[in-house]
Amino acid sequence: MNLATKTGDEQSDLLFVNFNQDCTSLAVGTRTGYKLFSLSSVDKLEQIYDNESEDICIVERLFSSSLVAIVSLSSPRKLKVCHFKKGTEICNYSYSNSILAVRLNRQRLIVCLEESLYIHNIRDMKVLHTIRDTPPNPHGLCALSINNDNCFLAYPGSNQIGEVQIFDTINLRAVAMIPAHDNPLASLAFNAQGTKLATASEKGTVIRVFSIPDGQKMFEFRRGVKRCVSIYSMAFSADSLFLSASSNTETVHIFKLEVPKDRPTEQEPQGWMGYFGQALKSSATYLPSQMTEMFNQGRAFATARLPNSGMHNVCALATIQKVPRQLVVSQDGYLYIYNLDPNEGGECMLLRQHRLDGRAGDSPVPEVTPTDRPLTHPTSGTSYASSVKKPESSVVPPESQPYQELEQGSTGEGEGTGLGHLRLDDDNEFPPMTHKSD
């Protein structure tokens, strides 16, 4: 999340926070550079890289590789792609307007401007396609699936209502338009498989989940009734069973994506109680459609309480030390780690909070309770951590996709020997790359 465009606090040192694609690391941009942290432990926030340079307002790491894409506040139209372990800049590109967001997966790099989207082949950074004249998108709202087979891009199709455009970044074609909400969009999130998309509007009371690419509504959850809120972020768990949503309130909601099981047909009860029950069922037919929808909407399976409200934040669902965790990074400069019970839900226990500036002040770990252990599904007996273990990533063919000539509006440097650094052979998480030279 680019905090530089969302806060009026000129004294704040924190400009950007975000998790990488599989929630194994955390990237933090500040007025003096950027930092990368490992999320392998609850007790310790291990800093794996610290770059002291310019004011970094966007820093996105590609999984656990050494590839990072950065944008500075002093040069908001320039994207730099770097190899942080070698301390080298691979290439840079300049655009016609300020860069509002950058999204990465193993196939594509997306650059989001207010009224256009650039799709790069991540292996050689060639511009494959440009989506121009998009509706005004001042917050750079977009989402990119991390799945190689379902490599979809989602972005607002309107700034008046909540339309979502789905674009296939491999075949470079639009595949669907989803009328998700009556109000403009506020948040978008794909699941890890690229088969589900969560959406929320600026009203913030209802969160919907659609199947991709056909755009059919699968789930609808009600975050609240009393007040409208600003949804800041949403995130699926690795197994797509849970969806987390954070907002400008102190409550983070976690929803469970499960279809209610059909109950067996029971014999109709006799007497006046049976008559009363049938009358209640029949009355639903005469209720307004809005009331019927409200009764059918799911409620939060679990919640986590932040120490304050009104702070911009980013949430994630991760498995750390074989236990499911709810993570929240807040504008107040802390990472909050909660325990999530995948069987019972309820209130999530705060396990630890870490300062992002590296100073002393982390809160102590509370006494370990019986819930702070690998949890199991009641039916299978297998641990939740083992159930969400990600499959082996498929090997990507070494040849890069055919690319078109660099399109007008984006200019880059570093197409010579510098692109050789894109061969991140020191990281198993990233496939080998090649660069075609004419």
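Listed values, structure above:
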| read-out | value |
| --- | --- |
| Length released on extending from T88 to M218, taking residue separation times 0.36 nm less the Cα-Cα span | 42.3 nm |
| By accessible area with a 1.4 Å probe, ligands and nucleic acids excluded, highest first: order of E347, E54, E89 | E347, E89, E54 |
| Amide H within-cut-off set for H312, under 5 Å, with H built and near neighbours excluded | Q331 |
| Euclidean distance between Cα centres, segment 27-62 to segment 326-351, Å | 20 |
| Separation between Cα centres of segment 140-183 and segment 106-124, rounded to whole Å | 14 |
| Stokes-Einstein D for segment 41-160, Kirkwood Rh over Cα pairs, 37 °C, 0.692 mPa s (µm²/s) | 215 |
| Per-peptide average of other Cβ atoms within 10 Å, ordering 308-314, 160-166 highest first | 160-166, 308-314 |
| Flagged links, alpha-carbon separation over 21 Å, of K35/K86; K196/K322; K35/K78; K35/K126 | K196/K322; K35/K126 |
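The values are calculated or read from the model by the stated rules, or taken from the named source; none is laboratory data. All figures in this text were calculated on a predicted structure; none of them were measured in a lab. So basically every Cβ, Gly included, is an ideal-geometry build from the backbone, and we count neighbours across all protein chains shown. Only protein heavy atoms, including side chains, enter the accessible area calculation; ligands, DNA and RNA are left aside. Shrake-Rupley method; radii C 1.70, N 1.55, O 1.52, S 1.80 Å.
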